[in-house]
Amino acid sequence: MITYCAKEQSFHLSTKNASYLFAIYKNAYPVHLYWGKRVYGQEALWSLEAAYRRFERLLSPEPDDDEFTLEYLPQEYPAYGTSDFRPSAYQVRDANGDRISDARYIGYEIIEGKPPVPGLPSCYAETDDDVQTLVIRLRDERLKLTICLYYSVMSEYDVIARHAEFCYDGAEPLYLENALSMSLDNQRGYHEMIQLCGTALREKHIEKRPLGNGITQIESLRGVSSHQQSPFCALVNRNTTEHSGDAWGISLVYSGNFILRADADMYKSIRLQVGIHPDTFSWKLSQGDSFHTPEALLAYSSDGLNGLSQRLHAIYMQRLARGLWKNKERPILLNTWEACYFDFDHNRIVELAHAAQKAGIELLVMDDGWFGHRDNAASSLGDWYENRRKLPRGIKGLAEDVNALGLKLGVWFEPEMVSPDSDLYRAHPDWCIHVEGTKRSTWRNQLVLDLSRADVCNYIIEQLTNVLSSANIEYVKWDNNRRITQAGSALLPADRKGELFHRYMLGLYRVLETVTQRFPHVLFENCASGGARFDPGMMHYFSQTWASDNTDAISRLKIQYGTSLQMPPLFITSHISASPNHQLERPSPLAFREHVCMPFNMGYELNLLALDDQELAQIAAQCDHYRRIRRLVQFGVFSRLTSPFEENACAWQIASNDGTEVLIWYYKPYAAPEEAYIRIYPVDLDPYASYMDQLTGKRVQGSMAMQLGLTIDWVNGDHFSQMWHLKKES
Ligand code: DGJ
């Protein structure tokens with residue numbers, strides 16, 4: 001997987017279908033040569049020289065020569081303050097206040113397997129995986145700084161995981177002011193960047209922009225990876241489609257402030273970078289300290305965007321997710337939020353559980369409002385003990401009654417927050433993020449606890465441990481409903497204040513690691529006002545994520561289509577809610593809502609007690625159907641077929657790993673007059689086989705289905721949807 005050519009000091013990192021090549025230029029600087037479709041062979045420095053010759057007059061060949069310039073060299077991890085004017089990958093501030101650095105190559109090492117990134121979530125290798133890690137060492141002797149660049153080659157997944165480590169052995173403190181996870185300069189060029197953006201209720205919408213001269217950048221400065229942007233992008237050429245062409249994906253395994261940018265220089269050489277956002281970051285290094293950046297995953301596909309998504313889905317599900325739930329089917333749940341908001345008590349929940357049990361629902365989730373004196377969003381975050389008025393027998397008594405009906409019980413928490421009206425805040429007003437003597441802005445009447453502090457993290461661990469060991473709780477919804485403002489910490493000294501945002505993430509990851517390891521049987525669901533922190537970092541700890549608080553079925557098509565670019569259906573929870581919908585007040589048929597949620601991790605978010613017998617019978621039939629196709633839905637291969645961002649329609653399919661079964665869904669949200677004929681073209685069927693649609697008993701030949709398309713059973717009106725369940729016959 002990793003080969004080294006001593007003659008030109010070049011490295012060839014190869015996965016099943018992709019290659020990544022770089023070399024050490026003049027024994028000093030790692031220069032990027034290639035990342036894309038698999039190539040065979042080793043020596044590639046000639047490709048650099050060909051491009052470089054254009055600048056002969058500007059260049060002197062030796063790095064120590066005064067006329068030497070890095071400006072035109074495609075680099076792997078460029079320093080600030082050299083003759084390269086493009087954005088640097090790292091920057092320091094030394095004891096004199098100077099910021100320049102010139103770290104040069106001192107050696108390499110190849111390790112079998114993949115070391116973890118200390119304190120941070122990262123992908124891992126199983127013992128029989130084909131994984132090797134290359135470590136490139138750079139040294140700035142003047143600064144007494146060594147930089148290790150890690151490249152783990154995850155062959156099976158066509159992914160290279162990169163991160164950097166800074167080790168310091170100087171006497172005076174050195175400050176890291178920027179430390180990105182990866183950088184590379186690609187002279188071959190991509191044309192467009194696809195990003196996932198939006199806001200609450202409109203998460204992960206797909207936007208494509210051309211990469212012109214200058215910087216194309218996405219970022220978050222909100223303390224979470226955010227609704228607004230995601231630490232992910234796909235880079236494509238003009239002719240790339242869902243099904244063909246080159247697609248490169250970059251994702252950061254991190255849940256806090258990030259920057260992701262593509263800087264096209266005057267020759268259209270594109271510098272790609274991702275990492276912690278430098279605007280809200282600095283880190284003090286004392287003698288003997290080291291600092292690890294988060295991990296960046298670089299995935300490549302020559303099979304278009306679906307190929308890229310399938311690689312990301314596979315690596316996230318198999319080598320990022322962990323624990324007992326990793327390969328287990330997720331239960332169908334009923335969440336109380338849209339069923340009753342804060343207005344519930346023991347009896348109401350047991351009544352709901354009763355109706356849920358009759359419908360075949362497997363898990364009852366008690367959402368916000370069970371603790372302290374919380375009857376609305378104004379109080380009690382931080383006081384994680386039951387409200388005895390609502391739950392006279394506590395969660396224990398509730399779990400007993402819910403379990404007696406054959407359902408599991410789940411509970412909502414928002415552990416990172418504190419309400420000013422809470423016992424916790426009255427006892428520890430300095431435990432929230434704040435700057436003494438300045439305003440503490442509230443947002444949904446709450447403040448953010450300072451997770452850069454060990455005592456605060458320990459308190460959260462203790463509170464969660466108490467509640468989770470007090471009753472048979474088998475699911476936790478972990479919410480986060482405000483962003484970080486007035487960023488300051490009562491404990492951090494002046495020269496470490498810039499560490500707050502990253503220390504918050506380290507604290508959060510420690511809490512998550514401890515709690516999820518301590519309660520391995522619990523299914524943990526990630527939520528942040530819907531999808532404000534739906535990123536790979538969180539998926540190291542959480543088995544699923546609430547993609548959006550918008551449960552309107554038509555809106556969900558775009559949200560789920562966009563989210564699927566990066567995340568597998570297994571991770572995306574999707575709830576059938578009431579009609580009219582609570583966010584948009586749009587009515588929709590139950591069958592349409594079912595078709596929208598079924599291809600994902602399906603659940604319910606409505607008051608079953610308000611439904612009539614016919615609707616309850618329909619839900620029971622849905623649950624039964626879902627249970628029969630659940631393994632295929634949750635662990636199959638997902639492909640997008642028709643984009644709701646391009647048409648008044650949406651379609652996707654899920655195929656079993658052996659290709660013998662394929663589920664297909666088509667949606668047409670709005671009726672339209674005299675439209676063109678509609679055909680759905682499934683992909684990856686066996687062209688020589690015949691398939692039987694289990695829902696209609698109709699037969700279709702594989703190549704014909706793919707080439708002639710499937711026709712829809714046309715019905716006029718809004719909210720049209722249709723499903724196929726093809727099973728291979730021969
Ligand atoms: C925001 C979440 O996204 C909702 O699902 C719900 O849990 C509320 N918070 C509760 O306050």
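One table, with the values for the structure above:
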{"quantity": "Leading residue by the ranking (nearest to the ligand (Cβ to nearest atom)) among those in the range 327-342 that are under 21 Å from residue 400 (Cα atoms) and assigned to a loop (DSSP other than H, G, I, E, B)", "calculated": "336"}
{"quantity": "Residues of the range 353-395 satisfying the condition of being within 25 Å of residue 480 (Cα to Cα) and part of a helix (DSSP H, G or I)", "calculated": "394, 395"}
{"quantity": "Residue under evaluation residue 721, criteria (1) open to solvent by 30 Å² or more (accessible area, probe 1.4 Å); (2) assigned to a strand (DSSP E or B); (3) within 21 Å of residue 638 (Cβ to Cβ), criterion not met", "calculated": "(1)"}
{"quantity": "Residues satisfying the stated conditions in the range 288-305, i.e. assigned to a strand (DSSP E or B), over 30 Å from residue 504 (Cβ atoms) and touching an Asp or Glu at 6+ places or on another chain (Cβ under 9 Å)", "calculated": "300, 301"}
{"quantity": "Matching entry among 682, 673 (being out of contact with any Cys (no Cβ under 8 Å at 6 or more places or on another chain), farther than 27 Å from residue 332 by Cα, crowded, with 20+ Cβ neighbours inside 10 Å and not charged (D, E, K, R))", "calculated": "682"}
{"quantity": "Odd one out for residue 454 among (1) within 16 Å of the ligand (Cβ to nearest atom); (2) not assigned by TED's automatic domain parsing to the domain that holds residue 531; (3) not hydroxyl-bearing (Ser, Thr, Tyr)", "calculated": "(1)"}
{"quantity": "Subset tally (residues that are within 16 Å of the ligand (Cβ to nearest atom) and in contact with a strand residue (DSSP E or B) (Cβ under 7 Å, 6 or more places away or on another chain)) for the range 360-388", "calculated": "14"}
{"quantity": "From 476, 467, residue being within 30 Å of residue 634 (Cβ to Cβ), within 16 Å of the ligand (Cβ to nearest atom) and among the hydrophobic types (A, V, I, L, M, F, W, C)", "calculated": "476"}
{"quantity": "Single match in 398, 405, 391 (criterion: open to solvent by 20 Å² or more (accessible area, probe 1.4 Å) and more than 16 Å from the ligand (Cβ to nearest atom))", "calculated": "405"}
{"quantity": "Complete set of residues in the range 220-266 that are charged (D, E, K, R) and free of Cβ contacts under 8 Å to residues at least 60 places away in the same chain", "calculated": "238"}
{"quantity": "Single match in 555, 588, 548, 574 (criterion: more than 18 Å from residue 312 (Cβ to Cβ), in the same structural domain as residue 368 (by TED's automatic domain parsing) and open to solvent by 20 Å² or more (accessible area, probe 1.4 Å))", "calculated": "555"}
{"quantity": "Filtered residues of the range 408-435 (kept if open to solvent by less than 20 Å² (accessible area, probe 1.4 Å), farther than 19 Å from residue 488 by Cα and of a type in the set (D, E, K, R))", "calculated": "414"}
{"quantity": "Scope the range 63-121; condition within 23 Å of residue 253 (Cα to Cα) and of a type in the set (Asp, Glu); matching residues", "calculated": "76, 112"}
{"quantity": "Some residue of the range 500-523 being open to solvent by less than 10 Å² (accessible area, probe 1.4 Å), within 16 Å of the ligand (Cβ to nearest atom) and at pLDDT 95 or above", "calculated": "yes"}
{"quantity": "Residue among 182, 266 that is in contact with a Lys or Arg (Cβ under 7 Å, 6 or more places away or on another chain) and either closer than 25 Å to residue 123 by Cα or not in a strand (DSSP E or B) (or both)", "calculated": "182"}
{"quantity": "Selection from the range 527-537 of residues that are open to solvent by less than 10 Å² (accessible area, probe 1.4 Å) and within 14 Å of the ligand (Cβ to nearest atom)", "calculated": "527, 528, 530, 531, 532, 533, 534"}
{"quantity": "Among residues of the range 480-491, those that are near the ligand (Cβ under 10 Å from one of its atoms) and open to solvent by less than 10 Å² (accessible area, probe 1.4 Å), counted", "calculated": "1"}
{"quantity": "Contacts under 6 angstrom Cβ, first residue in the range 546-564 being closer than 17 Å to residue 234 by Cβ, partner within 15 Å of the ligand (Cβ to nearest atom), 6 or more apart", "calculated": "562/204; 563/204; 563/547; 563/572"}
{"quantity": "Among residues of the range 212-256, those that are over 25 Å from residue 508 (Cα atoms) and within 13 Å of the chain's Cα centre (by Cα), counted", "calculated": "1"}
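A quick yes/no check of all residues on (1) farther than 19 Å from residue 603 by Cβ; (2) assigned by TED's automatic domain parsing to the domain that holds residue 598; (3) open to solvent by less than 10 Å² (accessible area, probe 1.4 Å):
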site: 337; (1), (2), (3): no, yes, no
site: 347; (1), (2), (3): yes, yes, no
site: 365; (1), (2), (3): no, yes, yes
site: 375; (1), (2), (3): yes, yes, no
site: 384; (1), (2), (3): yes, yes, no
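The values are calculated or read from the model by the stated rules, or taken from the named source; none is laboratory data. No experiment lies behind these values; they were computed from the predicted model shown. Glycine gets a Cβ as well: all are built from the backbone with ideal geometry, and neighbour counts include every protein chain shown. When the accessible area is computed, the model is the full protein with side chains, heavy atoms only, and any ligands, DNA or RNA have been set aside. Shrake-Rupley method; radii C 1.70, N 1.55, O 1.52, S 1.80 Å.
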